[in-house]
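The values are calculated or read from the model by the stated rules, or taken from the named source; none is laboratory data. Here the structure is a predicted model, which means the values were calculated and not measured. Neighbour counts are summed over all protein chains in view; Cβ atoms, including those assigned to glycine, are modelled from backbone coordinates with ideal geometry.
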């Protein structure tokens, strides 16, 4: 008699398995990463906005060739990743980028990266405890960073003084912003909560909405249509064509002296952008645009300006951010503060309560007059002793 045997499946190997997404520059990888993927990058001192973009994309792990925290300043990216439960491994060595092919299946276990059951690279695991320890050490390096920041700010002001001091070079938009509130949305840290927090403000005040880069898509996803889109012409990911075509104005940031080819991608899509030649970041350019347009108030969503956050923007325009906020300071309000400052417009229930209070006061005032006495006596005769006690009480209060 023949005995059939059932083939046993191989036991699952430990660790996290997924598709590798490999790119030396993290910004180029963001458009390809999918939930559960393992990002293999070379990004020293990862900033918070990049880390948040990886978290939003649903990345399962980040395998970094360079150290997540070099110690030069307390960058905020590693904390965002670790707090979100993303597996983080760093200082893996430059060979990791060539050892892993983009799109291949890999497994990450105890800091080691495996391809076809073969270990190809390894590094140290970065958790919240390690992040907190290294951040404390990194704060000791702030002095050197602040000195560098002072120098960079001076250089940026020298190059952009006409823009910052006189508003020269700012494109004129078809959208009229004078004496109107403006909301500038950046897809940064906590943008979803901040945008939800000013929902009443947007509904009642009808501000001009400016979407910065993918912040324009964020506005669309939240049920709003941006009036103005500000995007870098050189960005790897532009806002969706639907949003760009429906916006009243599209402002494209280009380097100073750039040729018409700089906006070729937009031109081919049928978009005729307004060129904005500046070395500022798109976020800062949007603030300058609103300030030059004489907006009555500028509400910033997804943008923050603590000392740590300024230093965290080292790679993306620290001097630009600092000087721009000095320029627009009197008008700029963080979206997180709006719910505390803005209680909303007068609502029907407020009017009803006011009307009821007015009628009570009017009735009490009439009750102490001779005509009111006659009405009260007639009411007492018709309603009985309970009403008598109530009327006597009211009359005693207003005598």
Query raised in the report: If you go through the stretch 165-184 one residue at a time, how many are at negative phi and in a loop (DSSP other than H, G, I, E, B)?
Result: 11
Query raised in the report: Does the stretch 336-354 contain at least one residue that is assigned to a loop (DSSP other than H, G, I, E, B) and at pLDDT 70 or above?
Result: no
Query raised in the report: Any residue in the stretch 124-134 that is closer than 21 Å to residue 55 by Cα and modelled with pLDDT under 90?
Result: yes
**Report entry** Residue list for the stretch 285-323, filter: at pLDDT 90 or above and part of a helix (DSSP H, G or I)
**Finding:** 285, 286, 287, 288, 289, 290, 291, 292
Report task. Being at pLDDT 90 or above and at negative phi narrows it down to one of 72, 21, 2, so name that one. Result -> 21
Query raised in the report: Restricting to the stretch 74-95, what's the tally of residues that are touching a strand residue (DSSP E or B) at 6+ places or on another chain (Cβ under 9 Å), in a loop (DSSP other than H, G, I, E, B) and buried (at least 24 other Cβ atoms within 10 Å of the Cβ)?
Result: 1
